[in-house]
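Asks: For reference, the structure I am asking about is given below.
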Amino acid sequence: MNEKEELIKFGKKLVESGLTYAFFGNISVRKGNKILIKKTGAELFELDENSIVEVDIYKESETDKSASVELPVHREIYKNTDSGAVIHAHCPFAVIMSLISENNKIIPIDGEGKYFLNEILILGGESGSEELAKNASCALSKCKGIIVKGHGTFARGKNLRDAFITTAMIENSCKIRYYVDAIKK
Ligand SMILES: [Zn+2]
């Protein structure tokens with residue numbers, strides 16, 4: 001499977017798994033000094049060869065305009081880590097937990113979450129902003145996934161499968177934490 005086919009496959013998987021919906025969220029992979037990323041406005045569930053654009057990691061250009069608005073965040077993550085793929089998703093329970101959490105992190109209470117994630121940082125910053133790019137890439141140089149408050153997750157990995165698993169684990173840990181906290185109240 002080539003990079004574009006992988007992006008199409010995981011775009012669909014993200015929506016089918018309920019980790020995001022419609023065109024909210026975006027995915028990318030590294031290809032040498034380039035990033036292959038979803039175009040702005042393209043629906044994740046129905047990506048095709050034409051809804052993916054190739055941009056440079058280190059040089060900005062006119063082509064950047066057709067890429068997802070979160071390109072600056074993806075770009076900064078590739079610059080600061082050795083990641084092969086980045087997934088941004090509007091995971092519902094991750095968003096809920098980021099809004100009701102009184103701290104700037106969520107501590108998972110489920111087995112995998114405790115073991116693989118330890119804690120999930122909640123960051124601030126507007127979509128596609130320099131602030132978010134800086135905060136997210138800095139945090140992701142030390143962990144595999146974070147939540148942007150009230151917005152969604154960013155996860156990185158050696159490939160899309162790896163970033164997908166981290167996204168799913170964050171959402172699962174948030175869902176379990178949400179229900180357990182609610183039942184205890
Ligand atoms: Zn988003």
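Every number in this text was worked out from the coordinates using simple rules, so none of it is lab data. Source: prediction; values computed, not measured. Neighbour counts run over all protein chains shown; Cβ positions are idealised from the backbone, glycine included.
Asks: Distances over 19 Å make up what percent of all Cα-Cα pairs in the chain? Show your work: numbers first, answer last.
Replies: Details: 9043 of 17020 pairs.
Tail of the P(r) past 19 Å holds 53 percent of the pairs.
Asks: Given a cut-off of under 8 Å on Cα pairs at least six residues apart, what relative contact order in percent is computed for the range 132-185?
Replies: Relative contact order comes out at 21 percent.
Asks: Right, another one. Placing +1 on the Cβ of each Lys and Arg and -1 on the Cβ of each Asp and Glu in the range 3-184, which of Asn135, Ile170, Ala89 has its Cα farthest towards the positive end of the resulting dipole?
Replies: Ile170
Asks: Of Lys38/Lys158; Lys4/Lys39; Lys9/Lys59; Lys9/Lys158; Lys13/Lys114; Lys9/Lys34, which ones are farther than 22 Å apart at the Cα?
Replies: Numbers: Lys38/Lys158 18 Å; Lys4/Lys39 12 Å; Lys9/Lys59 28 Å; Lys9/Lys158 16 Å; Lys13/Lys114 25 Å; Lys9/Lys34 20 Å.
Check vs 22 Å cut-off fails for Lys9/Lys59; Lys13/Lys114.
Asks: Shifting gears a bit: Which ³J(HN,Hα) values in Hz, rounded to whole numbers, follow from the phi angles of the range 131-144 under the Karplus curve 6.51 cos²θ - 1.76 cosθ + 1.60, where θ = phi - 60° and Gly and Pro get x?
Replies: Whole-Hz 3J(HN,Hα) from phi for the range 131-144: 4, 5, 4, 5, 4, 5, 5, 5, 5, 6, 6, 10, 9, 9.
Asks: What percent do you get for the relative contact order of the chain when only Cα pairs under 8 Å and 6+ apart count?
Replies: Value for the chain: 22 percent.
Asks: Also, I was wondering about something else. Which of the peptides 152-164, 43-55, 5-17 is most tightly packed, and how do the rest follow, judged by the mean count of other Cβ atoms within 10 Å per residue? All intermediate terms of the calculation are to be shown ahead of the outcome.
Replies: On the way: 152-164: 22.5, 43-55: 16.8, 5-17: 18.7.
The most tightly packed comes first, giving 152-164, 5-17, 43-55.
Asks: Applying the Karplus parametrisation 6.51 cos²θ - 1.76 cosθ + 1.60 with θ = phi - 60° to the phi angles of the range 70-83, what ³J(HN,Hα) value in whole Hz is obtained for each residue in order, glycine and proline being reported as x?
Replies: 8, 3, x, 6, 4, 4, 5, 5, 5, 5, 9, 9, 9, 4
Asks: Before rounding to the nearest 500, sum -39500 (n - 2.57) across all DSSP H runs of length at least 4 in the chain and divide by the residue total; then give [θ] at 222 nm in deg cm²/dmol.
Replies: Numbers: 5 runs with 69 residues, N = 185.
Helix-only estimate at 222 nm: -12000 deg cm²/dmol.
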